[in-house]
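The values are calculated or read from the model by the stated rules, or taken from the named source; none is laboratory data. Note that this is a predicted model, so its numbers are computed, not measured. Virtual Cβ from ideal backbone geometry, glycine too; neighbours counted across all protein chains shown. Heads up: the accessible areas ignore ligands, DNA and RNA and are worked out on the full protein's heavy atoms, side chains in. Shrake-Rupley method; radii C 1.70, N 1.55, O 1.52, S 1.80 Å.
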Amino acid sequence: MSSRKSKSNNIIHAECLSQVQRILRERFCHQIPHTNLFGVQVQYKHLIELLKRTAIHGESNSVLIIGPRGSGKTMLINHALKELMDIEVVSENILQVHLNGLLQINDKIALKEITRQLSLENVVGDKVFGSFAENLSFLLEALKKGDRTSSCPVIFILDEFDLFAHHKNQTLLYNLFDISQSAQTPVAVIGLTCRLDILELLEKRVKSRFSHRQIHLMNSFGFPQYVKIFKEQLLLPEEFSDKHFAEKWNENVQCLSEDRSVREVLQRHFNISKNLRSLHTLLMLALTRVTVSHPFLTAADLMEANQLCSMDSKANIVHGLSVLEICLIIAMKHLNDIYEEEPFNFQMVYNEFQKFVQRKAHSVYNFEKPVVMKAFEHLQQLELIKPLERTSANSQREYQLMKLLLDNTQIMNALQKYPNCPTDVRQWATSSLSWL
């Protein structure tokens, strides 16, 4: 009977945990507007007022949201749009167009995407337009009904705004800002960018039509608020199905936020980067360790997640290299030390390796030169070394100048963790250069 009871408890736990993981993953990965905004209340108020003026009063506007990556630009606009769509009068009438500079790489693709998002493919049909401006005005004209105040307002959100500035003649930006200045369909143009010099990229005619409104996000909160954010990101909502489990989970989160070792991990993260994206990565890695047998997060989970976050990717590559490749990297390290970071070529590295082999012939196998060359090329493919100049067809590969992309600390740390590394090789790496 007791085994049946524990089995049913496990099923309930599994269901709760899958719900917890779904809620928190959405929170960490999709920037779903779920909680309070942190340290950007003033900027939020400015943005929401501006959007309401477009949505309710039919007033055209343009604004740039500027801030470093991970400072919450997308979260800010998502919050504002959610609040806007909760107003019944607005939600029935307003249209949104989301463009991204990484996807819409020219104005033709951008125009197709605008047509698709406004569901006007049937209206456009096979019409041929003389210019971009004519095409865009036709699209906005199709959304009109009656006078300006009863027209359908359109909100254009341009992510990676600086990339649109590289389009030929900046036609899209010119026309969008031109419409926002004229008494046509009410539009709000919102640009999201991480470049502070964005206005310098705009042409004079585009700049003159832009309202010059800018909202800056700079992550101005301190460590106590960072801990509060950490706590709020992990807390389960009140409407969670299993109240008892949610209570225990939230109690555990409260204890974690007061734990000394957790605070040290957070302090380290905070000192490196205040952006919430890196915090989300840390929490996401910790969340993957939650299972039925381990249903609550612990300080150890967060410490392990922190180690994964701060792991050196190049050092990890070194762990997977062959002993020959490790020997070549050590030879390059010695050449760097001797010639003070001057570039080297394959022949120099091979000579260095040969010296080592002659000294330690009993422990290291002497490979043929073509085999060593192959290992050298593999290091280049892994981008652990790079050529200083482009290779020409008639140049000899052995004499092409290279640069090592690993520093001494990375090499030594990787060697300490390298599985079954021959003692002689390790000693060669740490040896002084007096024998050369």
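With respect to the stated conditions, VAL323 is open to solvent by 40 Å² or more (accessible area, probe 1.4 Å) and either of a type outside the set (Val, Ile, Thr) or touching a residue at least 60 places away in the same chain (Cβ under 8 Å) (or both).
State whether one or more residues within the range 250-258 are surrounded by 16 or more Cβ atoms within 10 Å (Cβ to Cβ), of a type in the set (Gly, Ala, Ser), free of Cβ contacts under 8 Å to residues at least 40 places away in the same chain and under 26 Å from GLU15 (Cα atoms). Yes, the range 250-258 contains at least one residue that is surrounded by 16 or more Cβ atoms within 10 Å (Cβ to Cβ), of a type in the set (Gly, Ala, Ser), free of Cβ contacts under 8 Å to residues at least 40 places away in the same chain and under 26 Å from GLU15 (Cα atoms).
Of all the residues in the range 282-291, those that are open to solvent by less than 20 Å² (accessible area, probe 1.4 Å) and without any contact (Cβ under 8 Å) to a residue 40 or more places away in the chain number 2. Filtering the range 44-82 to residues that are of a type in the set (D, E, K, R) and touching a helix residue (DSSP H, G or I) at 6+ places or on another chain (Cβ under 6 Å) leaves only GLU59.
Of the residues that make up the range 124-135, is at least one open to solvent by less than 70 Å² (accessible area, probe 1.4 Å), in a loop (DSSP other than H, G, I, E, B), at pLDDT 85 or above and at negative phi? No, the conditions are met nowhere in the range 124-135.
For the range 86-119, the set of residues classified as assigned to a strand (DSSP E or B) and buried (at least 19 other Cβ atoms within 10 Å of the Cβ) consists of VAL97, LEU99, listed by residue number.
Of the residues making up the range 292-303, those that are open to solvent by less than 80 Å² (accessible area, probe 1.4 Å) and part of a helix (DSSP H, G or I) number 4.
The helices (runs of 4 or more DSSP H) falling completely within the range 182-267 that include 2 or more residues that are closer than 17 Å to ILE66 by Cβ, in contact with a helix residue (DSSP H, G or I) (Cβ under 8 Å, 6 or more places away or on another chain) and modelled with pLDDT of 85 or more map to 198-201, 204-209. Here is a check on your reading of the model: is HIS244 open to solvent by 60 Å² or more (accessible area, probe 1.4 Å) and without any contact (Cβ under 8 Å) to a residue 40 or more places away in the chain? Spelling it out, HIS244 is indeed open to solvent by 60 Å² or more (accessible area, probe 1.4 Å) and without any contact (Cβ under 8 Å) to a residue 40 or more places away in the chain.
The sole residue among PHE161, PHE156, PHE177 that is more than 22 Å from ASN219 (Cα to Cα) and at pLDDT 90 or above is PHE156. If you go through the range 326-362 and keep only what is within 22 Å of PRO419 (Cβ to Cβ) and open to solvent by 50 Å² or more (accessible area, probe 1.4 Å), you end up with just HIS362.
Here's the yes/no breakdown for (1) of a type in the set (D, E, K, R); (2) within 14 Å of ARG53 (Cα to Cα):
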{"site": "LYS73", "(1), (2)": "yes, no"}
{"site": "ILE77", "(1), (2)": "no, no"}
{"site": "LEU84", "(1), (2)": "no, yes"}
{"site": "ILE94", "(1), (2)": "no, yes"}
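PHE270 - would you say it is without any contact (Cβ under 8 Å) to a residue 60 or more places away in the chain, open to solvent by less than 50 Å² (accessible area, probe 1.4 Å) and closer than 24 Å to HIS30 by Cβ? Criteria met by PHE270.
I need every pair where a residue in the range 391-414 that is in a helix (DSSP H, G or I) has its Cβ under 8 Å from the Cβ of a residue that is among the small types (Gly, Ala, Ser) and modelled with pLDDT under 85, sequence separation at least 6 or different chains. Within 8 Å, the pairs are GLN410/ALA315; ILE411/ALA429; MET412/ALA429; ASN413/ALA315; ALA414/ALA315.
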